[in-house]
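K.L.:
Submitted below is the structure of interest, expressed as structure tokens.
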Amino acid sequence: MRDLSLKIKNLALILLAVFATGVFVQCTSEKVQSDDEKVQEIISQMTLEQKAQLVIGTGMHMGLPDSLEAMFRSPADDEMSEEYKTMVDRIRTYLPGAAGFTAEYPELGISSQVLSDGPAGLRITPIREGDTENTYYCTAFPIGTLLASTWDTDLVYQVGQAMGNEVLEYGSDVLLAPALNIQRDPLCGRNFEYYSEDPLVAGKIAAAMVNGIQSNGVGTSIKHFAANNSETNRMSVNTIVSERALREIYLKGFEITVKESQPWTVMSSYNKINGTYTSESEDLLTKILRNDWGFEGYVVTDWGGGSDVIAQMVAGNDLLMPGQATSIMAIIDAVNDGTLDEAIIDRNVANMLGIMLKSPRYNGYEFSNNPDLAAHAAVTREAAAAGMVLLENKDVLPISTELGKVAAFGNTSYDFIAGGTGSGDVNEKYTVSLIEGLTNAGFETDSELTSIYEKYIEQESLKVDMSANPIAAIMGGKIPVTEMSVSKATASKMAQSADVALITIGRNSGEGADREPIEGDFYLTSTEKQLIQFVTEAFHAVGKKAIVVLNIGGVVETASWSNIPDAVLLAWQPGLEAGNSVVDILTGKTNPSGKIAISFPLSYTDVPSSNTFPGYAIEGETDDAADLSGFSMMSRAPFEVVYDDDIYVGYRYYNTFDVPVSYEFGYGLSYTNFEYSNLQLSTTSFDGSMTATVDITNAGSVAGREVVQVYVSAPDGKLEKPEEELTAFGKTKKLNPGETETLSFTISAEDIASFEEKTSSWIVEPGTYTLKVGASSLKINTTSNFEVASEIEAGKVTKALTPNREIEKLSKK
């Protein structure tokens, strides 16, 4: 019996093994379908009409009055099928206030993708028709220029995580952000959205933001690709720029971001590059973006961008937004008459569906409509303080809450600006003013002065002419009122009762218009300068101090007045916790560690692009773009700008040509001091890679963090080089007095290469190089040399975007 039982047991084990093997064979024979296979199966079931509808957005819908909505319609809209119209009406309810929606076909497994603005946080409608119980506010995070001033990719990642969570929990799929165009000129109206004049800073900060946002399982759309560095005639401006400047300056940040974060989408810009609209440029969107860099997502137009629908499809611009029925019909007709290969549309549809498979809506995520806004406000407060830059400090900051009464001057002390205008604006629930931040921290403020300012602001707000900025009028954003004049007598009266003066100077700008080199914009007005002068003199007369706070989105002139007050704090536009973050710096709760990522010139005429910005009208020419575009929020006029500054943008120009500035790139003060020592290179004979280490010691009396910047000076050879270029950067942890941290930087050939147009190659030329480590582009604390024995090729790329004419470029030779 024992033997029989054992045989039965063994037989059972054999049968179980056979059964299990059979199941395994059956499972493996029923191969799990890959994403590519899913996409191709869906495409095989789609009609040509459905394909055309998918690559064209479902139209503009911003909740505007009917008269304005009519501007965005075409007669062809009425010719669409009732089924299509019903679908469009349905998907527009998914997220009120979203910027755009793609078509959906549930029977094919195709879900709509909801695309929403923007760079400083999710932009949606906070109050919804028929819903009186709930509100849908979002967090206004700090503007891009402030985030870049943190030089802290870990912190920016955290901001991205918080921002992306709101995208997820409010039911969006793709956030139209971040924006990372180069701040070529300080007057670009959208500089507040952008990060820096330097492509390494722009690329690293953008990559951190993308990775943070996309960690939530939602997508991003990095923009505006590319060379979109002004707003004047943005729908038609032709940017004439060399291949080298494109590769080294205007494309490099996008390249870094694509390679380090793989954003789900890329947004093509409005402008032309060397004669071709970016959304119609196969050189840009296919040869460079996909072939050279390995981009895997889809390309979407800026809203109304481009001119020729078929050219856009061929170039690799997969999705046209916001979309019109005329474009759908144009694609169908072009395929049917043989002028457009349906395989091209299939390719574009495949790019879109590949991203759709990742999206929350496709995967059935049940969003809550209830993100943790309080937690996100805390992230905003920390990030904002980290990016504020202390420009001047004559031993007045930090101030103690025990100091006494504060007199707050300047309109924006009471009406603080959280962020810029247009699609970069956010519908937040509140913005903490400076006066509120002071009160929250326990300061006593002068109630009489507060009353005077609040009444003035209320009256002057009624006079603001929003027609001067139509996009802000439609899409939102705060337009500051004219600064209130303060007499010497009033300043003296306040100096008698208050213990310290704060003077806030505010500026705002945004989409659709560039700034101007005039008083009240780049330059302070006489009223503002008098305010600083009168208040400072009055407080100094009684032994008290005056501090200026700059609540601005872009660079202003500072040289003529910054030596008057006792301190100047560059607060930028810090998001909805603004006043609390400013006071955290003023009191020393947070030690300032921000450094500017954009140079502050002495005068606008010192800016290398000042002679060509924003461009010039082309007389005697016509432009059919207005007729071909199908949609445009702005007129199109023949317009051109020549980038004759070439590679000499920002500090690359000022440092190379010895042009003095008010505050150099990378500048920023602290309440402590740092010492740099023991710079070590792993090799002095560079053959493609090396490591540099440096010790940073807090030599002061309070804890703080230091931004450490690594520059390289290269020898001129076949190619002339700037005086130095930023090659790497890092930020210490919070160091206590006397504490030291060793920072390590890996330098590769790609990091120090220059672009040779003749061979379309990145090359490192032979000679002696100097590695410079310092606290700014001018404050270099330690250096070391290394040698390159022979030329190193650091990568060959596609020949693309060649100008069709000679450019007279700035040269140091």
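K.L.:
What's the number of the only condition in (1) modelled with pLDDT under 95; (2) closer than 28 Å to Ile127 by Cα; (3) not aromatic (Phe, Trp, Tyr) that Thr326 fails to meet?
P.N.:
(2)
K.L.:
Name the pairs whose Cβ atoms lie under 7 Å apart, with the first residue in the stretch 787-813 and over 16 Å from Tyr643 (Cβ atoms) and at pLDDT below 95, the second surrounded by 13 or more Cβ atoms within 10 Å (Cβ to Cβ) and hydroxyl-bearing (Ser, Thr, Tyr), and 6 or more positions between them or separate chains?
P.N.:
Partner pairs satisfying both residue conditions: Lys812/Thr656.
Yes or no, residue by residue, for (1) open to solvent by less than 10 Å² (accessible area, probe 1.4 Å); (2) among the charged types (D, E, K, R):
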| position | (1), (2) |
| --- | --- |
| Tyr94 | no, no |
| Gly100 | yes, no |
| Ser111 | no, no |
| Asp117 | no, yes |
| Leu122 | yes, no |
| Gly130 | no, no |
| Tyr136 | no, no |
| Phe141 | yes, no |
| Asp154 | no, yes |
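K.L.:
Say whether the condition of being surrounded by fewer than 23 Cβ atoms within 10 Å (Cβ to Cβ), without any contact (Cβ under 8 Å) to a residue 12 or more places away in the chain and not charged (D, E, K, R) is met by at least one residue in the stretch 293-305.
P.N.:
No - not one qualifying residue is present in the stretch 293-305.
K.L.:
Among the residues in the stretch 582-591, are any open to solvent by 10 Å² or more (accessible area, probe 1.4 Å), in contact (Cβ under 8 Å) with a residue 24 or more places away in the chain, more than 27 Å from Ser776 (Cα to Cα) and in a loop (DSSP other than H, G, I, E, B)?
P.N.:
Within the stretch 582-591, not a single residue is open to solvent by 10 Å² or more (accessible area, probe 1.4 Å), in contact (Cβ under 8 Å) with a residue 24 or more places away in the chain, more than 27 Å from Ser776 (Cα to Cα) and in a loop (DSSP other than H, G, I, E, B).
K.L.:
Those residues that are among the aliphatic types (A, V, I, L, M), surrounded by 24 or more Cβ atoms within 10 Å (Cβ to Cβ) and in contact with a strand residue (DSSP E or B) (Cβ under 8 Å, 6 or more places away or on another chain), I need them from the stretch 157-200; list them, please.
P.N.:
Met163, Val167, Val174, Leu175, Leu176, Ala177, Ala179, Leu180
One line per residue, one yes/no per condition, for (1) more than 33 Å from the chain's Cα centre (by Cα); (2) among the hydroxyl-bearing types (Ser, Thr, Tyr); (3) open to solvent by 50 Å² or more (accessible area, probe 1.4 Å); (4) within 30 Å of Ser635 (Cα to Cα):
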| position | (1), (2), (3), (4) |
| --- | --- |
| Val389 | no, no, no, no |
| Val406 | yes, no, no, no |
| Gly424 | no, no, no, yes |
| Ile435 | no, no, no, no |
| Glu458 | no, no, yes, no |
| Leu462 | no, no, yes, yes |
| Ser485 | yes, yes, yes, no |
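K.L.:
Is it true that some residue in the stretch 179-189 is modelled with pLDDT of 95 or more and assigned to a strand (DSSP E or B)?
P.N.:
yes
K.L.:
Would you mind finding the one in Glu706, Glu724 that is closer than 21 Å to Gly588 by Cα and within 25 Å of the chain's Cα centre (by Cα)?
P.N.:
Glu706
K.L.:
I'd like to check which strands (runs of 3 or more DSSP E) are fully inside the stretch 705-813 and have at least 1 residues that are more than 30 Å from Ser279 (Cβ to Cβ) and of a type outside the set (Lys, Arg).
P.N.:
707-713, 725-731, 740-748, 761-764, 767-774, 780-788, 792-796
K.L.:
Can you tell me which residues in the stretch 491-506 are open to solvent by 20 Å² or more (accessible area, probe 1.4 Å) and within 22 Å of Glu436 (Cα to Cα)?
P.N.:
Listed by number, the residues that qualify are Ser497, Asp499.
K.L.:
Taking the conditions exactly as written (out of contact with any Leu (no Cβ under 6 Å at 6 or more places or on another chain), at pLDDT 95 or above, of a type in the set (Ser, Thr, Tyr) and over 23 Å from Met356 (Cβ atoms)), does Tyr195 satisfy them or not?
P.N.:
Taking the combined requirement at face value, the residue does not satisfy it.
K.L.:
Can you tell me how many residues in the stretch 214-242 are in a helix (DSSP H, G or I) and crowded, with 23+ Cβ neighbours inside 10 Å?
P.N.:
So the count comes out to 0.
K.L.:
Restricting the first residue to the stretch 309-325 and requiring it to be within 15 Å of Arg347 (Cα to Cα), which pairs with a second residue that is acidic (Asp, Glu) and at pLDDT 95 or above meet a Cβ separation below 7 Å and a spacing of at least six or different chains?
P.N.:
So the pair list comes out as Ala311/Glu280; Gln312/Glu280; Val314/Glu282; Ala315/Glu280; Ala315/Glu282; Gly316/Glu282.
K.L.:
Give just the number: which of (1) surrounded by 15 or more Cβ atoms within 10 Å (Cβ to Cβ); (2) farther than 30 Å from Gly588 by Cβ does Thr684 not satisfy?
P.N.:
(1)
The values are calculated or read from the model by the stated rules, or taken from the named source; none is laboratory data. The model shown is predicted, which means the values in this text are computed figures rather than measured ones. Note: ideal-geometry Cβ built from the backbone for every residue, glycine included; neighbour counts use all protein chains shown. Ligands, DNA and RNA are stripped out before the accessible areas are found, and what is left, the full protein with its side chains, is counted by its heavy atoms. Shrake-Rupley method; radii C 1.70, N 1.55, O 1.52, S 1.80 Å.
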